[in-house]
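Novice: Quick one: structure below, then a few questions.
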Amino acid sequence: MKVTEHITKAKGKTLFSFELIPPQKGRSIQELYDNIDPLMEFNPPFIDVTTSREEFIYIDRDGLLDKKLTRMRPGTVGICASIKHKYNVDTIPHVLCGGFTKEETEYLLVDCHYLGIDNVMALRGDAMKEEKYFNPTDGGHCYASELVEQIVNMNKGQFLHEVIESDNQSNFCVGVAGYPEKHMEAPSLDSDLRWLKNKVDAGADYVVTQMFFDNKKYFDFVEKAKTAGINVPIIPGIKPVAVKRHLQLLPQVFKLDIPDELVRAVEQCKTNKEVREVGIEFAIQQSKELMDYGVPVLHYYSMGKSDNIKRIASEVF
């Protein structure tokens, strides 16, 4: 079932969903199951699975470093199929521009269609670790709006090199990212909203926001998006602070603000266990306020850990 259909079926009730990352190569998928199991009591209608782009590693060969390109966390589509089969829940693979050619994207989408996956998240992706700015892959897309357009065209039977009339065409529901505090590369929030409008005009069906900690920024973002003509569901993304290092790491990596109330509470903690408790309590209050506002879904960035998400969901749902 499509994300938009789940939202419509809920009739105004706020749904629960979460996002996880694939395990590193060589690790068991059972680790994912162990973290998914405690969250299934909250009946998530869908689960997101991230995709990692390629990165360089260096292999020592007799004293000489050999530079190799690899993916440390492959298997997104396989994990989606496995979770869908095990839990009978819709799964949403993240599809990136960075690291994939248009042909590779088409093959991935065909696999998703055959597996009965109805939703995909279309993202540009980040720059490689060794690059300061995002550079498109040779033969790949530059922008998420172009990726959305490819997915929508495939839904119409328009593949890269041919048009195929069929009774078995794909019908993907397409999600895209939104940034309540603007994308780090955008010169202004209004400019960033124009890029978001491009993605929606290209055929995106819903938006999931980057994590934020100030609900007012989400509320203002939603209102500005509506004014800009963006009339698809905007799902808030929530990440509970878990370690003291998040005070520096999250603003640095995601270019977001953390409210001083939360900063002071974390700074007073002596251990990361205490920080985790502060993060849980803050996320509970944040979630309740968002639910009162009437958000369609509360989407949690679990990153493979479920104990804090379960504590939050137990108080909210």
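The values are calculated or read from the model by the stated rules, or taken from the named source; none is laboratory data. Small disclaimer: the values here were computed from a predicted structure and weren't measured. Note that each Cβ is placed from the backbone with ideal geometry, even for glycine, and that neighbours are counted across all protein chains shown.
Novice: May I ask you to verify whether Q286 is under 20 Å from the mean Cα position of the chain (by Cα), under 28 Å from A186 (Cβ atoms) and touching a residue at least 60 places away in the same chain (Cβ under 8 Å)?
Specialist: In short, yes.
Novice: Among the residues of segment 85-122, what is the count of those that are outside any helix (DSSP H, G or I) and among the acidic types (D, E)?
Specialist: Qualifying residue count, segment 85-122: 2.
Novice: Further, regarding this structure: Cβ-Cβ distance below 6 Å, separation of 6 or more or different chains: which pairs start in segment 75-98 with a residue that is under 26 Å from Q150 (Cα atoms) and end on one that is modelled with pLDDT under 95 and β-branched (V, I, T)?
Specialist: T76/T51; H94/T51; L96/T51
Novice: Can you find, within segment 261-317, the residue that is nearest to F212 (Cα to Cα) among those that are modelled with pLDDT of 95 or more and basic (K, R)?
Specialist: Residue satisfying both the conditions and the ranking: K288.
Novice: Within segment 226-250, can you find the residues that are loosely packed, with under 14 Cβ neighbours inside 10 Å and farther than 23 Å from V200 by Cα? Reasoning before the result, please.
Specialist: Initial filter on segment 226-250 (loosely packed, with under 14 Cβ neighbours inside 10 Å): 226-227, 229, 231, 245, 248-249.
Once the filter is applied, which keeps residues that are loosely packed, with under 14 Cβ neighbours inside 10 Å and farther than 23 Å from V200 by Cα, segment 226-250 yields R245, Q248, L249.
Novice: Follow-up. Among the residues of segment 9-37, write down those that are surrounded by fewer than 15 Cβ atoms within 10 Å (Cβ to Cβ) and touching a Lys or Arg at 6+ places or on another chain (Cβ under 8 Å).
Specialist: Q24, K25, Y33
Novice: Sticking with this structure for a sec: May I ask you to list the residues in segment 174-203 that are touching a Phe, Trp or Tyr at 6+ places or on another chain (Cβ under 9 Å), of a type in the set (D, E, K, R), within 15 Å of D220 (Cα to Cα) and assigned to a helix (DSSP H, G or I)?
Specialist: Within segment 174-203, just D192 meets the criteria.
The rows are residues; the columns are (1) modelled with pLDDT under 95; (2) surrounded by 22 or more Cβ atoms within 10 Å (Cβ to Cβ); (3) of a type in the set (A, V, I, L, M, F, W, C).
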{"position": "T137", "(1), (2), (3)": "yes, no, no"}
{"position": "G140", "(1), (2), (3)": "no, no, no"}
{"position": "V152", "(1), (2), (3)": "no, no, yes"}
{"position": "H161", "(1), (2), (3)": "yes, no, no"}
{"position": "S170", "(1), (2), (3)": "no, no, no"}
{"position": "G178", "(1), (2), (3)": "no, yes, no"}
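Novice: I'm trying to understand the selection: among the residues of segment 89-119, which are within 17 Å of the chain's Cα centre (by Cα) and of a type in the set (D, E, K, R)?
Specialist: Of everything in segment 89-119, those that are within 17 Å of the chain's Cα centre (by Cα) and of a type in the set (D, E, K, R) turn out to be D90, D118.
Novice: In addition: From the set of residues in segment 165-200 that are touching a strand residue (DSSP E or B) at 6+ places or on another chain (Cβ under 8 Å) and of a type in the set (A, V, I, L, M), which is nearest to K224 (Cα to Cα)?
Specialist: L196
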